[in-house]
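Novice: Quick one: this structure, given as structure tokens, is what I'll be asking you about.
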Amino acid sequence: MLCKELRIPEQAKNLLINSGISELFPPQVEAIRAGALEGKNLLLASPTASGKTLVAELCALKHILEKEGKVLYLSPLRALASEKYSEFKKYEALMKPNGRRIKVGISTGDLDSSDPWLGRFDIIIATNEKCDSLLRHRAPWIDDLSLVVADEIHLLNDVDRGPTLEIVLARLRQVNPDVQLLALSATVSNVEDIAEWLNAIPVTTQWRPVKLREGVLMGTEIQFKDGGSTRIKKRVSHPAINLALHGIQQGGQVLIFTSTRRNAVSLARKAASKVDELLSKVTKRSLERIAESIISSSERTRISDLLADLVKHGVAFHHAGLSSAHRRILEDAFRDGRIKALTATPTLAFGVNLPARMVVISDYRRYEPGYGYYPISVLEYKQMVGRAGRPKYDEIGESVLIAKTEEERDYLFASFVLAKPERIWSKLGVERILRSHVLATIASEFARSEQGIYDFFGRTLYAYQYDLRAIKGLIAKILKFLYREEMIRVEGAEIRATRFGRRVSQLYIDPLSAIIIREGLLNRAPRISEISFLHMVAHTPDMFPRLRCSSKEIDRVSVFLEKHRDELMFEEPNEWADSIAYEEFLGEVKAAWVLKSWIDEKSEDEIIEMFGVEPGDLYRLISTSDWLLYATQELAKLLGQKDVLPRIAELRERVVKGVKPELIPLARLEGIGRARARVMYNAGFRTIEDLRKASIRDLSDLPLIGLRIAKRIKEQVGGFFKRKEWERVSKAKEAEQQALTEYYDE
């Protein structure tokens, strides 16, 4: 089907054609023929890069330009939401019937707001969690939705993300029964089941724009599913590196999935010198610039130094321990074709779109503490191999598993290459997951009676697959728990949320976290300090990531615990009666210690050295702690604990900025992080008034500041400086730089 044949407004067709889309892919044609543009609910299941997003875009344009509707696009991850936002922005050039241009908005943060400003947008992109939060706050514009797009719907199968997506879809259909639903998915076995639950038409296809060859390497030979084979040279002992070198020599890029972060780093290190031999001088020069941007993009650590060094050789590693700035730089460099080999943990398979000519799965097993090693799912395998082949660049994409024996090769073919993905099953029926959603159903008045609650949960995938009776007893147990903890009250047949219960739901925290915070605030520690509040939030089930103490750390953390025991809101479990609970408690103490080190201005590198906590984990710990400290603040107001509010407010700001109290005013300035704030403070610029009076020259001479930052500071603090002074300092700086360059040239 040609783009010009689509039944959408001419201006939309012209925009698509001008952007290079003249003909639709087969899955897109099937979706159109199934009624996507006629308001039918659809579940489109097809491989990665087969054009599912364009179907969503066409439906969105139809709704907005012809029906004056409003569109919600749901994404499981913030990074994916940002990607989709960038893709949809091009449609802001189009004009609606009322003479105004289409507006595209995104919201992925602040889980305690209804974001009324989103009502001004025609296309709203949000994460599943943000949408859940908006529903809890009863955002009024949700009633105006005419199309909901649910991306990556196969993640219903995911223990962490699936239940929220399931509840959101059930809730949106409850609030707006006439909304069109377009669900996008990778290929799964029980598409018909999921489609029937959604009252949608299933459209399934195996078509992809780049032909995929799946195979298994044993020794130096890759045997492919299609019967073909390829021999590779054995240059080193590690087969994944040999595959990478083979792929790069063929003119492609290689993505290597490893089971752990440590393996990703180790493999990148081993591959670096060999990949370097295959790089041109031009490529090496561009990689030098990328390495420089890695060093300068955030606080310098041993990880950033290692990463920058590897990038110079055309290799990098990618995992959740990296800072978001470093991940973005690597992703852009890989998309541009400059990084040739990228080692990554499986999280990348469910994240941003980074295709490669060859995908290597170096280990098909995962280690789970307490369970040992177990094989990955076929669904996870298919997500990984879906990255093979770059549309518009490659005619064929190859994915390769690695076997050591013939028996293992046969197993890999049978269990992965030739296997079908597992069925998707709801993961909602767990008390820890369900209690928050039961409270939200009552607090947001989506149900006002016990029967109303059962009616709502009867709409879920769990009830469809297992029958409501399977969780009725669990819901009843949760209702008793919420009643006992004074989060709900019962008035005859009516069930209502208390002020406490309603606020807990709005704050988007686990009811159990709220109880822990309440207990801490009311009972208090013998001696209140920053450690008291930091450990309290680390003690909640909402704290993420959960830190563990290695065997080497247990004694050190135990000593820290002994030193600060009277500052903790909660007593530690008996080490001998419950060793598992005691070790978990030590992990919480470690998290508090990490955060205390951060607000005491320990560098990221010192924190890596002391605790083994990498930048990405540290930033997630900071973000989660900020959210939980905010919840603590709000609950303290509700509980009348006003005396702690100033301390919590200051602690929140210190956690976010990573500074001691005296640096807070300076660290609030835009573009001034903890390091620059400390430099200015130590140089005598300790207040905003000091900065206002300072000369451009004095500020620009400080380490890490420079002329551009100095000007930015003066603009923010309202300090006056003459243009002549600016020009004089600029010329002086240029002369100094020129002299320095000449000195080193000599």
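The values are calculated or read from the model by the stated rules, or taken from the named source; none is laboratory data. Since this is a predicted model, take the numbers as computed values, not measurements. When we count neighbours, we look across all protein chains shown, and the Cβ atoms used for this are built from the backbone with ideal geometry, even at glycine.
Novice: Give me the pairs: first residue in region 30-41 and touching a residue at least 60 places away in the same chain (Cβ under 8 Å) and not assigned by TED's automatic domain parsing to the domain that holds Ala183, second residue outside any helix (DSSP H, G or I) and aliphatic (A, V, I, L, M), beta-carbon distance under 7 Å, and six or more apart or on different chains, which are they?
Specialist: No pair meets every condition.
Novice: Filtering region 1-36 down to residues that are small (Gly, Ala, Ser) and not in a helix (DSSP H, G or I), which residue is surrounded by the fewest Cβ atoms within 10 Å (Cβ to Cβ)?
Specialist: This residue is Gly20.
Novice: Do we find a residue being among the β-branched types (Val, Ile, Thr) and modelled with pLDDT of 95 or more anywhere in region 565-588?
Specialist: No, because not a single residue in region 565-588 is among the β-branched types (Val, Ile, Thr) and modelled with pLDDT of 95 or more.
Novice: Within region 356-398, work out how many residues are among the hydroxyl-bearing types (Ser, Thr, Tyr) and not in a strand (DSSP E or B).
Specialist: Total meeting the criteria: 6.
Novice: Moving on to the next point. Of the residues Glu196, Glu129, Glu152, Glu166, only one is surrounded by 23 or more Cβ atoms within 10 Å (Cβ to Cβ) and either at pLDDT 95 or above or not assigned by TED's automatic domain parsing to the domain that holds Tyr381 (or both); which?
Specialist: Selected residue: Glu166, the only one of Glu196, Glu129, Glu152, Glu166 that is surrounded by 23 or more Cβ atoms within 10 Å (Cβ to Cβ) and either at pLDDT 95 or above or not assigned by TED's automatic domain parsing to the domain that holds Tyr381 (or both).
Novice: So, one more: Do we have any residue at all in region 488-502 that's at positive phi and assigned by TED's automatic domain parsing to the domain that holds Ile442?
Specialist: Checked against the condition, which is being at positive phi and assigned by TED's automatic domain parsing to the domain that holds Ile442, region 488-502 yields at least one hit.
Novice: With Val378, Val359 as the choices, which residue is at pLDDT 90 or above and surrounded by 21 or more Cβ atoms within 10 Å (Cβ to Cβ)? Reasoning before the result, please.
Specialist: Numbers: Val378 fails: surrounded by 21 or more Cβ atoms within 10 Å (Cβ to Cβ).
Of Val378, Val359, the one residue that is at pLDDT 90 or above and surrounded by 21 or more Cβ atoms within 10 Å (Cβ to Cβ) is Val359.
Novice: Of the numbered conditions (1) more than 21 Å from Arg302 (Cα to Cα); (2) surrounded by 16 or more Cβ atoms within 10 Å (Cβ to Cβ); (3) within 25 Å of the chain's Cα centre (by Cα), Ser623 fails exactly one; give the number of that condition.
Specialist: Against the list (1) more than 21 Å from Arg302 (Cα to Cα); (2) surrounded by 16 or more Cβ atoms within 10 Å (Cβ to Cβ); (3) within 25 Å of the chain's Cα centre (by Cα), Ser623 comes up short only on (2).
Novice: A further question on this structure: Quick one: in region 609-644, which of the residues that are touching a residue at least 12 places away in the same chain (Cβ under 8 Å) and in a loop (DSSP other than H, G, I, E, B) is farthest from Gln506 (Cα to Cα)?
Specialist: Going through the qualifying residues, I end up with Gly612.
Novice: Restricting the search to region 498-516, which residues are more than 26 Å from the chain's Cα centre (by Cα) and either farther than 17 Å from Arg136 by Cβ or surrounded by fewer than 22 Cβ atoms within 10 Å (Cβ to Cβ) (or both)? Let's see the steps before the verdict.
Specialist: In the first step, residues of region 498-516 are kept if they are more than 26 Å from the chain's Cα centre (by Cα); the result is 498-502, 515-516.
Answer for region 498-516, where residues must be more than 26 Å from the chain's Cα centre (by Cα) and either farther than 17 Å from Arg136 by Cβ or surrounded by fewer than 22 Cβ atoms within 10 Å (Cβ to Cβ) (or both): Thr498, Arg499, Phe500, Arg502, Ile515, Ile516.
Novice: Next question. Of all residues being part of a helix (DSSP H, G or I) and within 18 Å of Ala403 (Cβ to Cβ) in region 248-279, which is modelled with the lowest pLDDT? Just the residue, please.
Specialist: Restricting to residues being part of a helix (DSSP H, G or I) and within 18 Å of Ala403 (Cβ to Cβ), the top hit is Asn263.
Novice: Taking interchain pairs and intrachain pairs at least six residues apart, which have beta carbon atoms under 7 angstrom, with the first residue in region 268-280 and of a type in the set (Val, Ile, Thr) and the second surrounded by 15 or more Cβ atoms within 10 Å (Cβ to Cβ) and not in a helix (DSSP H, G or I)?
Specialist: Val275/His313; Val275/Gly314; Val275/Val315; Val275/Lys340; Val275/Ala341
Novice: For region 409-418, how many residues meet the condition of being surrounded by 15 or more Cβ atoms within 10 Å (Cβ to Cβ) and either in contact (Cβ under 8 Å) with a residue 12 or more places away in the chain or in a loop (DSSP other than H, G, I, E, B) (or both)? Spell out how you get there, then give the answer.
Specialist: Taking region 409-418 and keeping what is surrounded by 15 or more Cβ atoms within 10 Å (Cβ to Cβ), we get 409, 411-413, 415-417.
Filter again for either in contact (Cβ under 8 Å) with a residue 12 or more places away in the chain or in a loop (DSSP other than H, G, I, E, B) (or both), leaving 409, 412-413, 415-417.
So the answer is 6.
Novice: Okay, next question. Filter the helices (runs of 4 or more DSSP H) completely within region 478-547 down to those with at least 1 residues that are more than 23 Å from Ser133 (Cβ to Cβ).
Specialist: 511-523, 530-538
Novice: Would you please list the contacts, defined by Cβ atoms under 8 Å and residues six or more apart or on different chains, that run from a residue in region 232-251 that is within 11 Å of Lys340 (Cβ to Cβ) to a residue that is surrounded by fewer than 23 Cβ atoms within 10 Å (Cβ to Cβ) and aromatic (Phe, Trp, Tyr)?
Specialist: none
Novice: Pull up region 103-119, narrow it to residues that are of a type outside the set (A, V, I, L, M, F, W, C) and at pLDDT 95 or above, then point me to the one that is farthest from Glu68 (Cα to Cα).
Specialist: Here the answer is Gly105.
Novice: Then there's this: Kindly indicate the residue of region 17-45 that is of a type in the set (Asp, Glu) and in contact with a strand residue (DSSP E or B) (Cβ under 6 Å, 6 or more places away or on another chain) and also modelled with the lowest pLDDT among those meeting that condition.
Specialist: Top of the filtered list is Glu23.
Novice: Moving to a separate point now. Can you confirm whether region 567-576 contains a residue that is of a type in the set (S, T, N, Q), out of contact with any Phe, Trp or Tyr (no Cβ under 6 Å at 6 or more places or on another chain) and not in a loop (DSSP other than H, G, I, E, B)? Can you show your working first?
Specialist: Let us first name the residues in region 567-576 that are of a type in the set (S, T, N, Q), namely 574.
Pick out the ones that are also out of contact with any Phe, Trp or Tyr (no Cβ under 6 Å at 6 or more places or on another chain) and you get 574.
Going one step further and asking which of them are not in a loop (DSSP other than H, G, I, E, B), we end up with none.
No, region 567-576 contains no residue that is of a type in the set (S, T, N, Q), out of contact with any Phe, Trp or Tyr (no Cβ under 6 Å at 6 or more places or on another chain) and not in a loop (DSSP other than H, G, I, E, B).
Novice: For region 665-713, give me every one of the helices (runs of 4 or more DSSP H) that falls completely inside it and has 1 or more residues that are aliphatic (A, V, I, L, M), farther than 27 Å from Arg652 by Cβ and without any contact (Cβ under 8 Å) to a residue 40 or more places away in the chain.
Specialist: Result: 696-700.
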